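Colleague: Would you mind keeping the following structure in view while I ask a few things?
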Amino acid sequence: MANDRRLARQLSTRSELDLISASYADAIGRLSKRALNSNIARARRLRDKQRDLYRRQRLAGRARTGTKHGTAARTAQKARLFDEALSRFTRRLKLLEAAERSKKSRKPAASKRMSVRKGPEPRPGARPAETAQAARLAKSRTPRMKAIQAHVGSRGRRRQARRDSR
């Protein structure tokens, strides 16, 4: 983390450095949900900007340097910094939302009742792991699953065709 802070100080402007610093553990705990959402949007915008810039620099550098990757290492590092900051912000937001949901779902102690959820009936002589696995499998088979699997298969075939045509 110390290396990241030093690298961020070298690569970033003052406002960008403030955003990256706000994503570290010592400062992120003080941010509200609203501040986290605005920081997420800002970090995502800056990350995308650096990724696009890196892509353009790499393509322009190919002709200039004669190498495949060109020279855009600083921009790639900066994009990585914003990507890491974005992941820290989103992780913290998820934690806040989970805590908020658990507060809302709590009931007063007097009216607490346990509800029993029944799963699928296990077949006689089945081990518990087999029934749990069967339940997960049945749950994962949605009507949309066939379309998703077809899309993934088609994507693989297109990639293979591209490789074969080279």
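What follows is calculated from the coordinates using simple rules that are stated; it is not laboratory data. Everything numeric here is computed off the predicted structure, so don't read it as measured data. With ideal geometry, Cβ positions are generated from the backbone for all residues, glycine too; neighbour counts draw on all protein chains shown.
Colleague: Under 13 Å Cα-Cα from LYS49, which aspartates and glutamates qualify once same-chain neighbours fewer than 8 residues away are excluded?
Modeller: GLU16, ASP83
Colleague: Ranked highest first by the average count of other Cβ atoms within 10 Å around their residues, in what order do 21-34, 38-51, 78-91, 150-163 fall? Could the numbers behind the result be given before it?
Modeller: Details: 21-34: 13.4, 38-51: 17.6, 78-91: 19.9, 150-163: 9.7.
Order by mean packing, descending: 78-91, 38-51, 21-34, 150-163.
Colleague: So what are the ³J(HN,Hα) numbers for the stretch 72-81, from phi and the Karplus equation (6.51, -1.76, 1.60; θ = phi - 60°), rounded to whole Hz, Gly and Pro as x?
Modeller: 8, 5, 5, 5, 5, 5, 5, 4, 5, 4
Colleague: Each residue of the stretch 13-19 in order: what ³J(HN,Hα) in whole Hz does its phi give by Karplus 6.51 cos²θ - 1.76 cosθ + 1.60, θ = phi - 60°, with x for Gly and Pro?
Modeller: 7, 4, 5, 5, 5, 4, 5
Colleague: Here's another thing I want to ask about it. If the chain between VAL152 and ALA99 were fully stretched, how many nm would it gain, using 0.36 nm times the residue separation less the Cα-Cα distance?
Modeller: Details: separation 53, 0.36 × 53 = 19.08 nm, distance 3.55 nm.
Contour length minus the Cα-Cα distance gives 15.5 nm.
Colleague: Then there is this: Return the distance in nm (one decimal) between the two label points of a simple spin-label model at ALA73 and ALA35, each offset 7 Å from Cα along Cα→Cβ.
Modeller: 3.6
Colleague: List residues of the stretch 34-52, by number, whose backbone nitrogen lies under 15 Å from a label position 7 Å along Cα→C-beta of ALA60.
Modeller: Counting backbone N atoms under 15 Å from the label point, the list is 50-52.
Colleague: Could you pull the Rg and Dmax for the stretch 1-105, using just the Cα atoms, both in Å?
Modeller: Answer for the stretch 1-105, Rg first and Dmax second: 16.6, 61 Å.
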